[in-house]
Amino acid sequence: MAGDASRNVAQCIALALRRHGVSHVFAQSLPSAVILAAEALGIRQIAYRQENMGGAMADGYARCSGRIGVVAAQNGPAAALLVPPLAEALKASIPVVALVQDVERGHTDRNAFQDLDQIALFQSSTKWVRRLAAADRVDDYVDTAFAMAGSGRPGPVALLLPADLLRDIAPEPVFPRTAQLGVWPLDRPRPPECLISEAASILAQAHAPIILAGGGIHASQAADALAALQQDCSIPVLTTNMGKGAVDEGHPLSAGVLGSLVGPGSLGQYTAALIGEADVVVLAGTRTNQNGTDNWRQITGDSKVIHIDIDPAEIGRTYEALRLVGDVRETLADLREALLRDTNLDRRTLARPNIASRIAACWDRFDKDRQASAHCAAAPIRPERVMHELQALLTPQTIIVADASYASMWVAGQLRALSAGMRFVTPRGLAGLGWGLPLALGAKAARPDDAVVCIVGDGGFAHAWAEMETMIRSRLPVTIVVLNNGILGFQRDAETVKFGHYTSACHLGDVDHGLIAQACGCPWVRIGDPLELREQLQRGLHGQEALLIEVMTDPQAHPPLSLFAAMDRSVR
């Protein structure tokens, strides 16, 4: 195809995808001309079942591969259903290129079948949206799409492809392109040296500095740089939900996830004081969002804030800060070098044993608090027991994916990262229910040799049942753990706290998930006895096939969130 002077636009798009290193496209065969051309080049199509799941698969692929995810969709309802996963990617700073078929150029604004103003449709959920309008501009637009997705603050883009244009013969480009833009981040800008020096001086003189690390650490592959700064300069680290895994949580200066996980029974009820008492807070790759700061209450006005972020608009959004605009990995490396080279770290060295001892005491108290639930032998099963059994089987290479709501919170609050950079993938941009399984399938496509465990509630899982068929057909074996408590737990608990009662929608029907799994060809097991957990989790993590593990869990259990703190204290 590469040497064919009469190749069409669709073939040129496929060639551009291959040039950018694209190996997978999440699609449903549309735009057909593009998918056929891509498959002819060896690009694998992962065909999703539900039209709102392909975008989440591309998102999960991007998070775990270091490459930009690609999703394709038809115009009309399929395009409209791309909006939610692209909005998640936008808020979570994940690069996805959406190739969306559009109606034929002569049919626009004539009420053609499934015609819609797709530029307007995608404007609020992408960084960039354009329509390819000329056969001689293919490489220009495809390259710009990848550059926009992977540069600056990463995010999704949409390129609209009129169906008739895809069949047109494309002329040889006037300016041939050879760039490979499929990896991210594309650019790694650094703050000026004078600001790095100022930040280093502030940290060296601080009495109680702390780092709050967000999802930007993973986006920038900055875990090693953060670990080196933490270790060599003796600065403790907390993470946000999306920053989970940014540091080894077994390190003596790692204090786990904070955010809203600060209620009775949480680690955060003890570690929140570390950030509350800090005189210097380094925000590293975090948007300082509501959940990551427990309603913006955890950083006091007495703290000096140093904010590192690739997006200048995020710095100062909530907290006035010393602005270190740049790539998080390079900035952390420069900051460590400046601290070691230009400052006296005696204060940090002398303070280290005390802060390490304090953090260890927080972990010890947390472990004692959760002993009863983590080892509970009763049925229905406590989710903490599920996490306890899972923890014993994890390796640093295991990828943990969780659905939104309580599934994410059990993972963030109960599991412990075994290494810097270990991946815990959660949809925390918009936090939509049902995205756990498609994110996990994207992660498995990205890292087929690593075990992928997907934690979902029965409420969220109902949004994505059909993708079990995708999992089996596409040979993407994931261990799915369904925490089945028969209720929309967060909705019930939040309504109870706010209004004193909850709506009838919170109750779910008794679903036989095993029959659904069987219909899709997926092995399954239902667990009602906690003594069976270890064996079945081991079967899933160490096996070579997909497995659905349905765990009948306690409907009264909920993560220790600040929203429920008063209610939880009253029953203790």
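The values are calculated or read from the model by the stated rules, or taken from the named source; none is laboratory data. A quick note: this is a predicted structure, and the numbers were derived from the prediction, not measured. Quick reminder, even Gly has a Cβ in these numbers, built from the backbone with ideal geometry, and neighbours come from all protein chains shown. Remember, those area values only see protein heavy atoms, side chains included, never the ligands or the DNA or RNA. Shrake-Rupley method; radii C 1.70, N 1.55, O 1.52, S 1.80 Å.
Rounded to the nearest Hz, the phi-derived 3J(HN,Hα) couplings of the range 408-420 under the Karplus curve 6.51 cos²θ - 1.76 cosθ + 1.60 (θ = phi - 60°) are 4, 6, 4, 5, 5, x, 10, 7, 10, 5, 8, 7, 5, where x marks glycine and proline. DSSP bridge analysis restricted to the range 14-163 gives an antiparallel fraction near 0%, rounded to the nearest 5. Per residue, the chain exposes 38 Å² of solvent-accessible protein surface, assessed with a 1.4 angstrom probe and all protein chains in place. Where only DSSP H runs of four or more residues are counted, the chain gives -11000 deg cm²/dmol as its mean residue ellipticity at 222 nm, each run worth -39500 (n - 2.57).
Amide H contacts of D102: L161, A163, each under 5 Å away and 5 or more positions distant or on a separate chain (H built 1.01 Å from N in the peptide plane; Pro and chain starts excluded). Shape descriptor for the chain: Rg over Rh equals 0.99 (Cα atoms; Rh from the Kirkwood inverse mean 1/r). Shown for the range 287-445: the carbon plus sulfur share of the solvent-accessible area, taken with all protein chains present and a 1.4 angstrom probe, equals 48%. Residues H388, H251, H507 ordered from highest to lowest accessible area at a 1.4 Å probe: H507, H388, H251.
Rounded to the nearest 20, the size of the Cβ-charge dipole of the range 353-467 about its Cα centre is 320 debye, with Lys and Arg at +1 and Asp and Glu at -1. For a straight C-alpha distance cut-off of 27 angstrom, the lysines reachable from K244 (same-chain residues fewer than eight places away being disregarded) are K91, K127, K304, K368, K444. Sorting D224, D568 by solvent-accessible area of protein heavy atoms yields D224, D568, largest first, with a 1.4 Å probe. Proximity of backbone amide H atoms, modeled 1.01 Å from N, is registered between I306 and V281, V282, L283, L322 at under 5 Å, excluding neighbours fewer than 5 places apart on the same chain.
About its Cα centre, how strong a charge dipole does the range 467-566 have in debye, to the nearest 20, once Lys and Arg get +1 and Asp and Glu get -1 at the Cβ?
With only Lys, Arg, Asp and Glu charged at Cβ, the dipole is about 220 debye.
Annotation for the range 475-553: GluC sites (Glu not before Pro) lying in DSSP loop with at most 14 further Cβ atoms inside 10 Å of their Cβ are E545. 3J(HN,Hα) along the range 16-21: 5, 4, 4, 4, 7, x Hz, from the Karplus curve 6.51 cos²θ - 1.76 cosθ + 1.60 with θ = phi - 60°, whole Hz, x for Gly and Pro. In sequence order, the range 54-67 has phi-based couplings of x, x, 5, 5, 4, 4, x, 4, 5, 4, 9, 10, x, 10 Hz under the Karplus curve 6.51 cos²θ - 1.76 cosθ + 1.60, θ = phi - 60°, and Gly or Pro positions carry x. Considering only G150, I119, L161, and ranking their Cα positions along the charge dipole of the range 73-163 that arises from unit charges at the beta-carbon of Lys, Arg, Asp and Glu, the one farthest toward the positive end is G150.
Ranked by the mean number of other Cβ atoms within 10 Å of their residues, highest first, the peptides 10-17, 393-400 fall in the order 10-17, 393-400.
Accessible surface of the range 1-88, 1.4 Å probe: 50 percent of it comes from carbon and sulfur atoms.
Simple rule: put +1 on each Lys or Arg Cβ and -1 on each Asp or Glu Cβ in the range 268-345, find the dipole, and look at P312, L324, Y270; the Cα lying farthest toward the positive end is Y270. For R131, the residues whose amide H sits under 5 Å from its own are L160, ignoring neighbours fewer than 5 places away on the same chain, with H placed 1.01 Å from N. Relative to the Cα centre, what is the charge dipole magnitude of the chain, using +1 at the beta carbon of each Lys and Arg, -1 at the beta carbon of each Asp and Glu, and rounding to the nearest 20 debye? Result for the chain is approximately 420 debye, rounded to the nearest 20.
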